[in-house]
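We did not get these values from a lab; they are worked out from the coordinates using the rules stated. Every value quoted in this text rests on a predicted model; they were computed, and no experiment measured them. FYI the Cβ positions are ideal-geometry reconstructions off the backbone, even for glycines, and counts take in every protein chain you see.
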Amino acid sequence: MKSSFVLAASLRGAIALLSPRGPDAAGQIRLAYHGADGMTVSWNTFEHVKAPSVKWGLSKGKLEHTASSNVSLTYPTSTTYNNHVVISGLKPDTTYYYLPSPLPQGNHVEPYTFRTARAAGDSDAFAVAVVVDLGTMGRLGLTTSAGSSVSQNNILKPGEKNTIDSLASTKSSYDFIWHPGDIAYADYWLKLEIQGVVPNTTIQDGHTVYEAILNDFYDEMAAVTETKPYMVGPGNHEANCDNGGTTDKAKNITYDVSICSPGQTNFTGFKNHFRMPSDVSGGTGNFWYSWDNGMVHFIQLDTETDLGHGFTGPDEIGGTEKEGASPVNATMNAQATWLEADLASVDRKKTPWVVVAGHRPWYLSKKNVTGTICWSCKDVFEPLFIQYNVDLVLTGHAHVYERLAPLANGAIDPNELNNPKAPWYITNGAGGHYDGLDSFDEPKQKYSRFGLDTANATYGWSRLTFHNCSHLTHEFIASNNNSALDTATLFKDRSCGSCHGNGNGNGNGGGGAHHSGAAGSATREPTRPTKVANGNS
């Protein structure tokens with residue numbers, strides 16, 4: 001543990017009671033794709049590590065290679081150091097064994113495994129898990145009880161499986177997890193204190209609760225992120241510690257960003273904890289970047305800052321969220337310029353599918369309030385999505401699930417999911433956190449096709465299955481039982497002959513078949529081809 005960071009004894013005891021592994025659980029191993037032949041391995045330690053290293057190889061008993069770095073970072077208020085190492089020269093779609101060093105005493109000592117990204121152009125079918133607005137589970141987050149401000153309809157039932165449980169129990173059905181913002185909800189510490197959920201703490205010591213929430217979440221997610229790449233993007237709840245302003249009605253006090261400790265502003269924890277592949281895709285930090293996997297080009301965008309074109313990002317100083325963050329790139333219009341160049345460079349013969357994710361939606365069946373609908377995001381991003389024929393746009397922020405029709409400038413594509421020209425929009429912010437789900441405004445927008453909100457009280461995540469170059473299926477997976485409550489398939493009329501691979505999809509896209517499922521439809525587990533490099537495994 002950092003010697004400069006001392007916890008009050010009473011506070012340490014209180015948080016320890018809430019967190020089974022203590023207030024500062026370390027390890028927190030996570031993976032991220034890094035270019036066509038790399039994987040970033042990240043983990044946390046209680047002390048600074050001069051040369052973090054990862055041993056790796058093709059078999060469990062022969063970790064004959066070592067990758068190392070000098071990246072061991074921390075920040076004020078953090079209880080741990082973030083270590084990041086890139087492994088390069090890996091074969092595509094191949095299982096490797098690895099072991100980071102050092103790990104906290106008593107942690108796992110057997111090698112872990114990861115599977116590398118599929119080569120661009122590989123036409124084998126695969127699936128991806130997408131989750132947005134996912135907070136810590138248990139006593140510091142979503143559980144079977146909550147404070148008075150939380151609807152009883154939104155708490156978990158005794159024994160109910162949560163979204164992290166669901167992702168862990170189904171991880172054989174997808175290649176990686178994509179989490180476009182609102183990670184852990186550590187900025188809910190103040191609400192938890194005001195509502196008496198966290199006992200024996202004070203506002204002055206609240207920064208320790210913030211870090212405890214983060215540590216709990218990262219520890220919970222490690223059940224998946226130790227073996228599956230975890231690709232993330234920024235949301236408003238990563239910006240600072242005050243959730244855009246929190247009011248204690250009993251004391252008639254409204255807190256703002258001035259209450260935050262230096263390490264809990266300006267996306268500091270988010271910047272330190274993750275390492276996304278922006279350095280190999282021309283993007284910026286963990287905020288905007290892209291990568292290929294098989295027949296898909298994936299793009300993560302930042303809807304919180306750096307919108308450019310004269311717009312102030314919602315989380316920036318002067319923005320609608322009052323988060324007080326600074327732009328992350330000093331170059332004017334950096335994100336929009338990068339996005340256009342990235343889209344223009346996509347080889348649609350190799351990666352016919354282009355899927356984009358950002359935290360905030362601009363199409364949704366809610367009132368046009370600035371805190372929910374990001375009109376400036378629409379002005380900046382949508383023209384490029386239309387120009388470059390983006391297939392699917394994924395968002396969250398609103399704690400609902402809503403599948404929409406394909407849309408361009410607010411107009412419904414008359415082809416719907418049968419070879420539309422416009423991008424298909426889906427918002428799924430139903431991952432689950434302390435406050436639960438939101439409500440739709442009724443009647444829903446004309447472009448709405450299926451929705452779940454607090455009235456349904458169903459937490460869940462999205463699974464995307466890319467069958468081939470012409471068919472893409474989206475499923476809403478209910479976390480409580482892993483069933484698919486909504487299923488819809490997008491058809492694009494294009495030839496799949498230029499890709500390579502086993503081709504275990506649904507043919508070359510003839511006809512115009514598409515289907516939209518109803519609640520209660522069965523979950524389909526995509527079959528993953530086995531491909532392991534030469535070597536003992």
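Modelling each spin label as a point 7 Å along the Cα-to-Cβ direction, I'd like the K249/S88 distance in nm, to one decimal. Placing both labels 7 Å beyond Cα along the Cβ direction yields 5.7 nm. For K228, the lysines whose Cα falls under 25 Å of its own Cα, not counting residues fewer than eight places away in the same chain, are K55, K60, K62, K91, K161, K171, K271, K350, K531.
Please compute the net charge surrounding W178, taking Lys and Arg as +1 and Asp and Glu as -1 over other residues with Cβ under 14 Å from its Cβ.
Details: positive: R30, K171, K228, R463; negative: D133, D175, D182, D292.
Around W178, the charge tally is 0.
Mean separation of Cα pairs under 8 Å and 6 or more residues apart, divided by the residue count, gives the stretch 175-330 a relative contact order of 21 percent.
Over the stretch 224-270, consider all pairs of different Cα atoms and compute the Kirkwood hydrodynamic radius from their mean reciprocal separation; express it in Å, one decimal.
Numbers: mean 1/r = 0.0796 Å⁻¹.
Averaging 1/r across every pair of different Cα atoms and inverting gives 12.6 Å.
Helical runs (DSSP H, four residues minimum) scored at -39500 (n - 2.57) apiece and divided by the length of the chain put the mean residue ellipticity at 222 nm at -4000 deg cm²/dmol.
For V354, what is the net charge nearby, where nearby means another residue's Cβ is under 15 Å from its Cβ and Lys, Arg count +1, Asp, Glu -1? Don't jump to the answer; show the numbers that get you there.
Values: positive: R348, K349, K350, K421, K492, R494; negative: D292, E340, D342, D347, E382, D391.
It works out to a net charge of 0.
Here the stretch 67-119 and the stretch 179-254 have alpha carbon centers that stand 25 Å from each other.
Modelled this way, with points 7 Å down the Cα-to-C-beta line, the labels at K421 and S326 are 4.4 nm from one another. How high is the FRET efficiency between T113 and S439 when r is their beta carbon distance and R₀ equals 35 Å, given to the nearest 0.05? My answer for the efficiency is 0.25.
Multiply the residue gap between D165 and D256 by 0.36 nm, knock off their C-alpha separation, and tell me the result in nm, one decimal place. Provide the component values of the computation, followed by the final result.
Values: separation 91, 0.36 × 91 = 32.76 nm, distance 3.38 nm.
Residue separation times 0.36 nm, minus the Cα-Cα distance, leaves 29.4 nm.
Label sites at A411 and N368, each approximated as a point 7 angstrom past Cα along Cα to Cβ, lie 1.8 nm apart.
Look at where the Cα atoms of the stretch 320-398 and of the stretch 434-454 average out, and the two centres are 21 Å apart.
Annotation: amide H of G283 within the under-5 Å range of S290, sequence separation 5 or more or interchain, hydrogens built in the peptide plane. What shape does the stretch 128-491 have by the C-alpha gyration tensor, where a ≥ b ≥ c are the square roots of the eigenvalues, rounded means a/c under 1.5, and otherwise prolate means a/b greater than b/c and oblate the rest? Here the stretch 128-491 falls in the prolate category. Put in order of Cβ neighbour count within 10 Å, fewest first, the listed residues I87, I259, I253 become I253, I259, I87. Neighbours of G285, meaning other residues whose beta-carbon lies under 14 angstrom from its beta-carbon, give a summed charge of -3 when Lys and Arg score +1 and Asp and Glu score -1.
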